[in-house]
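Below is one structure; the comments refer to it alone.
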Amino acid sequence: MPGGLTPISSAREAILAHARPLPSEPVPIGIALGRVLAEDVRAAGDVPRFENSAMDGFAVVAAASSGPLRIVGEARAGAPAQVALRPGEAIRISTGAPLPAGADAVVRIEDTSERDGEVAVRVPVAPGAHVRHPGEDLRAGEVVLRAGVRVGPGELGVAVAAGVGALRCTRRPRVAVLCTGDELVEAGAPLGPGQIHDSNRVMLAALAAQAGAEVVTAARVPDDRAATEAAFADALERADLVIASGGVSVGPHDHVKPALEQLGVQERFWRVALQPGKPTWFGTRDERLVLGLPGNPVSSFVTFALFARPALLALQGAAAPLPARAVARLATPVRRLNREQVLRVTVRQRDDGALLVAPNGPQASHVTRSLTGVDAFAFVPAGEGEAPAGAAVEIEPL
């Protein structure tokens with residue numbers, strides 16, 4: 001650990017060790033998108049429940065389908081045929097409609113010719129052709145979704161098909177975002193001497209919401225000890241995770257660390273072997289988590305993705321709070337530093353299947369352009385000289 005700095009992996013381990021899943025609650029299926037399942041979901045019955053047609057066409061008896069067949073009825077989705085089928089007959093059928101009694105196959109409409117109330121089948125027909133069977137998709141009692149899965153549109157579809165109207169999900173983490181600095185002004189407001197727009201507050205709140213959190217406050221805090229302590233005292237009462245931007249260093253106007261110490265927050269680590277993002281701070285008070293992120297916008301974005309997002313996923317009980325890494329090749333040389341670098345990169349795949357990554361513009365921690373259109377983080381190990389083009393690096397998708 002250079003200069004007593006905490007490695008990225010150790011910092012993540014420390015955070016995840018304290019990010020325990022929150023209590024669960026029932027969530028109506030219509031508003032469960034993005035939530036994390038707290039328990040397995042089982043199918044209430046077979047899906048499909050009944051034999052049905054996979055095609056628009058005609059239901060037939062396979063062994064008696066070679067001659068002209070008299071059309072004796074129709075089966076539509078939600079409106080089964082009212083008669084049973086006998087050899088020498090056919091029933092018009094729509095995709096998804098129940099297979100009529102007596103039928104054992106379906107002939108596609110494009111494989112038939114219809115005339116004067118009869119249909120001729122132009123292809124051989126085998127029993128079971130174009131028929132969907134009960135339980136072919138889901139079996140009654142089968143686990144169809146596992147606890148720890150984040151619910152997406154596909155998971156919602158499976159849950160509804162399984163007969164579920166509500167899902168038991170972990171409560172959404174409550175997050176407070178506090179951005180410190182006298183120089184910060186509201187987005188779009190006129191700028192005075194030495195002032196900047198407070199981009200971190202909007203960005204970090206959006207990142208927290210994207211990670212499944214409920215943002216209970218996103219506030220600016222002046223460079224004043226009493227105001228800093230009051231803001232953090234309120235946030236610690238309201239939030240599961242408090243995120244501070246700026247004010248965690250050791251300057252005369254950096255009040256975050258002493259305020260947190262006064263409020264009983266125990267420091268777990270401070271300063272990470274990382275560029276950008278070295279002055280990252282983490283502490284806890286009871287079940288409350290506090291992350292102090294650097295004030296530079298790029299550093300704030302990177303450290304949120306590396307540390308805050310996994311914490312939020314772990315609080316939701318996600319099965320895999322850390323993204324899976326892949327190996328890629330550098331498209332251009334990169335100068336090594338005495339800390340591990342996290343580059344914002346674009347990713348493309350070569351003809352041979354290898355992944356190739358290139359820095360997404362200038363990488364300085366104040367250059368926000370590198371955050372737009374970024375595909376992944378690339379991790380360049382600490383060292384001397386250059387990491388040459390073609391060197392292997394690990395990447396994490398964003």
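The values are calculated or read from the model by the stated rules, or taken from the named source; none is laboratory data. Note that the structure is a prediction, hence the values are computed from the model and not measured. Methodologically, a virtual Cβ is constructed for each residue, glycine included, from the backbone with ideal geometry; neighbour enumeration extends over all protein chains shown. Remember, those area values only see protein heavy atoms, side chains included, never the ligands or the DNA or RNA. Shrake-Rupley method; radii C 1.70, N 1.55, O 1.52, S 1.80 Å.
In table form, for the structure just shown:
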{"quantity": "Test: residue in segment 329-346 that is under 28 Å from A213 (Cα atoms), touching an Asp or Glu at 6+ places or on another chain (Cβ under 6 Å), of a type in the set (D, E, K, R) and in contact (Cβ under 8 Å) with a residue 24 or more places away in the chain", "calculated": "no"}
{"quantity": "Unique match (being of a type outside the set (G, A, S), assigned to a loop (DSSP other than H, G, I, E, B) and open to solvent by 10 Å² or more (accessible area, probe 1.4 Å)) among K278, K257", "calculated": "K278"}
{"quantity": "Residues (part of a helix (DSSP H, G or I), open to solvent by 10 Å² or more (accessible area, probe 1.4 Å) and either β-branched (V, I, T) or closer than 23 Å to L22 by Cβ (or both)) located in segment 143-187", "calculated": "E155, L156, V158, V160"}
{"quantity": "Check on V123, under 30 Å from G67 (Cα atoms) and part of a loop (DSSP other than H, G, I, E, B)", "calculated": "yes"}
{"quantity": "Test result for F50, open to solvent by 20 Å² or more (accessible area, probe 1.4 Å) and not aliphatic (A, V, I, L, M)", "calculated": "yes"}
{"quantity": "Residue check, R20 touching a residue at least 40 places away in the same chain (Cβ under 8 Å) and out of contact with any strand residue (DSSP E or B) (no Cβ under 8 Å at 6 or more places or on another chain)", "calculated": "yes"}
{"quantity": "Filtered residues of segment 351-393 (kept if aliphatic (A, V, I, L, M), under 17 Å from N200 (Cα atoms) and touching a strand residue (DSSP E or B) at 6+ places or on another chain (Cβ under 9 Å))", "calculated": "L371"}
{"quantity": "Residues satisfying the stated conditions in segment 218-254, i.e. farther than 21 Å from L184 by Cα, in a loop (DSSP other than H, G, I, E, B) and in contact with a helix residue (DSSP H, G or I) (Cβ under 8 Å, 6 or more places away or on another chain)", "calculated": "D240"}
{"quantity": "Listing of strands (runs of 3 or more DSSP E) fully contained in segment 325-398 that carry 3 or more residues being within 23 Å of P310 (Cα to Cα)", "calculated": "326-330, 340-349, 376-380, 392-397"}
{"quantity": "Conditions (1) among the small types (G, A, S); (2) open to solvent by 30 Å² or more (accessible area, probe 1.4 Å); (3) in a loop (DSSP other than H, G, I, E, B): number failed by G34", "calculated": "(2)"}
{"quantity": "Residue count, segment 366-382 (criterion: open to solvent by less than 30 Å² (accessible area, probe 1.4 Å) and in contact with a Lys or Arg (Cβ under 6 Å, 6 or more places away or on another chain))", "calculated": "2"}
{"quantity": "Selected residue [touching a strand residue (DSSP E or B) at 6+ places or on another chain (Cβ under 7 Å) and either modelled with pLDDT of 95 or more or closer than 26 Å to R35 by Cβ (or both)] from V158, V202, V185", "calculated": "V158"}
{"quantity": "So A318, is it open to solvent by less than 50 Å² (accessible area, probe 1.4 Å), part of a loop (DSSP other than H, G, I, E, B) and either closer than 30 Å to A19 by Cα or among the aromatic types (F, W, Y) (or both)", "calculated": "yes"}
{"quantity": "Out of E229, E261, sole residue that is more than 24 Å from R339 (Cα to Cα) and out of contact with any strand residue (DSSP E or B) (no Cβ under 8 Å at 6 or more places or on another chain)", "calculated": "E229"}
{"quantity": "Among residues of segment 55-91, those that are touching a strand residue (DSSP E or B) at 6+ places or on another chain (Cβ under 6 Å), among the hydrophobic types (A, V, I, L, M, F, W, C) and open to solvent by 30 Å² or more (accessible area, probe 1.4 Å), counted", "calculated": "4"}
